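Chemist: Here it is, the structure, as structure tokens.
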Amino acid sequence: MNRDPDGLSWKGYEGQDYENFWAGHGKRNLDQLERCIASHALPGGESVVEIGAGFGRMGSCYVGKYKTVHMVEPAGNLREIAARAYGHAVCYHEASVYDLPFPAASFDAVLMVRVFHHLGRPDLALREIHRILRPAARLVFNFSNKRNLKRIVQYALGRAKNPFTRDMDEYAAALIGHHPRSVEHLLSEVGFKIVEQFGVGVMDKIVDVFPAMTKVLSPSLSTSRFLGRLKLAPAQFVVAIKR
């Protein structure tokens, strides 16, 4: 993937087969859970935009629930796949989260999944999202939780960086982990209030190793909400409203 000073290049997924990333028992389990959370968190209304919409994987969570639907995706190949799926029901945009092509106070909701962990300047991205949201509108997004149980154990064994520090932790090129408290502080500073959190990235790992557990470990909002309170899962979904 291409790099820039702010993390992942805004065209970093250009030409990639992102659909194939979701193949396999574990990834399907994770996909179902993420879409379940997004569907729950997006009640419907006048207008919604998904930032980093990819090939439209999350589209079924909001298309048909909002009168006006927008998808922002820098990668042309992924935008084309989304357009084939949703056609004229969606307006498609090539843009960066740091410079969104919308007037202030345009949307009732913003969805941003699997984008935050690529951002070198999440503060700027959140301020831009705050700008385009209407008062009391909601932001639904997820981030990579550096203070997850696996990394805590690895740190105790001397195999990982300290997961308890509040600074951003770049695991690999353009893949950044955040401490939950840091994200909460940043949201408050920008002007958001958190109303719900969900933990994800646990059950899918088990299902990936033991596919027979698929039916037993089906995606559950209640389990994910419990994990969200613990803030020990590999990824954290946040539902916040603009103050």
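The values are calculated or read from the model by the stated rules, or taken from the named source; none is laboratory data. These numbers come from a predicted model, not from an experiment. Every residue, glycine as well, gets a Cβ built from its backbone with ideal geometry; the counts of neighbours run over all protein chains shown.
Chemist: Out of the residues in segment 177-195 that are surrounded by fewer than 16 Cβ atoms within 10 Å (Cβ to Cβ) and charged (D, E, K, R), which is farthest from ARG121 (Cα to Cα)?
Modeler: Filtering segment 177-195 for residues that are surrounded by fewer than 16 Cβ atoms within 10 Å (Cβ to Cβ) and charged (D, E, K, R), the one farthest from ARG121 (Cα to Cα) comes out as LYS193.
Chemist: What are the pairs with Cβ atoms under 8 angstrom where one residue, in segment 70-93, is under 9 Å from PHE55 (Cβ atoms) and at pLDDT 95 or above and the other, located anywhere, is of a type outside the set (Gly, Ala, Ser) and part of a helix (DSSP H, G or I)? Sequence gap at least six, or different chains.
Modeler: Between residues of segment 70-93 that are under 9 Å from PHE55 (Cβ atoms) and at pLDDT 95 or above and residues that are of a type outside the set (Gly, Ala, Ser) and part of a helix (DSSP H, G or I), the close pairs are GLU73/ARG79; ILE81/GLU19.
Chemist: Also, I was wondering about something else. State the number of residues belonging to segment 103-147 that are assigned to a loop (DSSP other than H, G, I, E, B), in contact with a strand residue (DSSP E or B) (Cβ under 8 Å, 6 or more places away or on another chain) and within 20 Å of VAL202 (Cβ to Cβ).
Modeler: Looking only at that region, the number is 3.
For every residue, the table says whether it meets (1) free of Cβ contacts under 8 Å to residues at least 24 places away in the same chain; (2) among the hydrophobic types (A, V, I, L, M, F, W, C); (3) not in a helix (DSSP H, G or I).
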| position | (1), (2), (3) |
| --- | --- |
| GLU14 | no, no, yes |
| ASN20 | yes, no, no |
| GLY26 | no, no, no |
| ASP31 | no, no, no |
| HIS40 | no, no, no |
| SER47 | no, no, yes |
| GLU50 | no, no, yes |
| ARG57 | no, no, yes |
| SER60 | no, no, no |
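Chemist: As an exercise: evaluate SER106 against (1) polar (S, T, N, Q); (2) closer than 22 Å to SER60 by Cα; (3) touching a residue at least 60 places away in the same chain (Cβ under 8 Å) and give the number of the one condition it does not meet.
Modeler: All conditions are met except number (3).
Chemist: Quick test for you: out of LYS193, LYS150, pick the one residue that is closer than 28 Å to GLU46 by Cβ, more than 16 Å from the chain's Cα centre (by Cα) and in contact (Cβ under 8 Å) with a residue 12 or more places away in the chain.
Modeler: After applying the criteria, what remains is LYS193.
Let's see how each residue does on (1) acidic (Asp, Glu); (2) modelled with pLDDT under 90; (3) more than 15 Å from the chain's Cα centre (by Cα); (4) surrounded by 15 or more Cβ atoms within 10 Å (Cβ to Cβ):
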| position | (1), (2), (3), (4) |
| --- | --- |
| SER9 | no, yes, yes, yes |
| GLY12 | no, yes, yes, yes |
| HIS25 | no, no, yes, yes |
| ASP31 | yes, no, no, yes |
| CYS36 | no, no, no, yes |
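Chemist: Filter segment 39-54 down to the residues that are surrounded by fewer than 23 Cβ atoms within 10 Å (Cβ to Cβ) and in contact with a helix residue (DSSP H, G or I) (Cβ under 7 Å, 6 or more places away or on another chain) and list them by number.
Modeler: SER39, HIS40, LEU42
Chemist: Here's a check for you: in segment 127-147, which residue that is without any contact (Cβ under 8 Å) to a residue 60 or more places away in the chain and within 21 Å of SER96 (Cα to Cα) is surrounded by the fewest Cβ atoms within 10 Å (Cβ to Cβ)?
Modeler: Result: ARG131.
Chemist: Out of ALA174, ALA160, ALA240, ALA212, I need the residue that is of a type in the set (Gly, Ala, Ser) and exposed (fewer than 14 other Cβ atoms within 10 Å of the Cβ). Which one?
Modeler: Testing whether each residue is of a type in the set (Gly, Ala, Ser) and exposed (fewer than 14 other Cβ atoms within 10 Å of the Cβ) leaves just ALA212.
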